[in-house]
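J.: One structure follows; several queries about it will come next.
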Amino acid sequence: MKKVTFLLIAFSLLHVLASGQDENPLMRKSWLAGGSFGYSYTSGNDNSSTKDIRSKSWFVQFSPYAGYFIIDRLCLGLRLNYTTNDLKAWLTENSITTLSCTKYYTLMPGLFLRYYTTKGIFFEAEGAWGFTRDYSVTPAVNSNDRSFSIGAGYSLFLSKSVAIEPMVSYELSKTTRESSGENNSSKKIFLKIGLQYYFGHKSAKE
């Protein structure tokens, strides 16, 4: 509840600051700030002659970010991705099935580049680096993470400065465990919804 209240206050302050700014918020030297929620689900099967492994993963992601328009319609920015994951795996061997559950979180700051078309559609690429902490075991296991994602979305402007932005992104990531050096790769599709505030500078009207 405290987090929700803080976000509402922050967005309200941004709305006040955004009042009276440029009619076109995508001009060079303008700013954007906001956040998004994302969801992803994956499943898989690994079959052999002696065993069968089925797995399901649920990912929930929250990402605050801010950016600066280096030229008209092209924005360079910083994003902090916080992702939680619940993984369930069923191992069937010799007609006996066992269930294992894994919970972990990932914290990854990154850089993004976003380009807007004249129709409100935007395309984005992002590279991020961070770490994962598996707290389903004791002691917790840490890993180093790298990811690259591309995506597309749409800016639905509620006013000259505020927009709701649905987005779909495709992410490739690689995780290296600190203790063993074991590498794992994954691919995910995230469905996201964001709330964005745009801040134009006065001279962009001239």
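The values are calculated or read from the model by the stated rules, or taken from the named source; none is laboratory data. Note that this is a predicted model, so its numbers are computed, not measured. Note that we place each Cβ from the backbone using ideal geometry, even for glycine, and neighbour counts take in every protein chain shown. When the accessible area is computed, the model is the full protein with side chains, heavy atoms only, and any ligands, DNA or RNA have been set aside. Shrake-Rupley method; radii C 1.70, N 1.55, O 1.52, S 1.80 Å.
J.: Going through the range 115-124 one residue at a time, which ones are open to solvent by less than 90 Å² (accessible area, probe 1.4 Å) and not charged (D, E, K, R)?
T.: Our first condition is that a residue be open to solvent by less than 90 Å² (accessible area, probe 1.4 Å); within the range 115-124, this holds for 116-117, 120-122, 124.
Correct list: Tyr116, Thr117, Gly120, Ile121, Phe122.
J.: So in the range 109-160, with the set limited to residues that are in a loop (DSSP other than H, G, I, E, B) and among the basic types (Lys, Arg), which one is nearest to Leu32 (Cα to Cα)?
T.: Lys160
J.: Also, I was wondering about something else. Working only within the range 166-188, note down all residues that are open to solvent by 80 Å² or more (accessible area, probe 1.4 Å) and part of a strand (DSSP E or B).
T.: Answer for the range 166-188, where residues must be open to solvent by 80 Å² or more (accessible area, probe 1.4 Å) and part of a strand (DSSP E or B): Tyr170, Lys174, Arg177, Asn183, Ser185, Lys187.
J.: Among the residues of the range 85-114, write down those that are under 29 Å from Trp31 (Cα atoms) and either among the aliphatic types (A, V, I, L, M) or open to solvent by less than 60 Å² (accessible area, probe 1.4 Å) (or both).
T.: Thr106, Leu107, Met108, Gly110, Leu111, Phe112, Leu113, Arg114
J.: Could you tell me whether the range 98-108 includes any residue that is in contact with a Cys (Cβ under 6 Å, 6 or more places away or on another chain), assigned to a strand (DSSP E or B) and not acidic (Asp, Glu)? Before you say what the answer is, go through the steps one by one.
T.: The first filter runs over the range 98-108 and keeps only residues in contact with a Cys (Cβ under 6 Å, 6 or more places away or on another chain), leaving none.
For the range 98-108, residues in contact with a Cys (Cβ under 6 Å, 6 or more places away or on another chain), assigned to a strand (DSSP E or B) and not acidic (Asp, Glu): absent.
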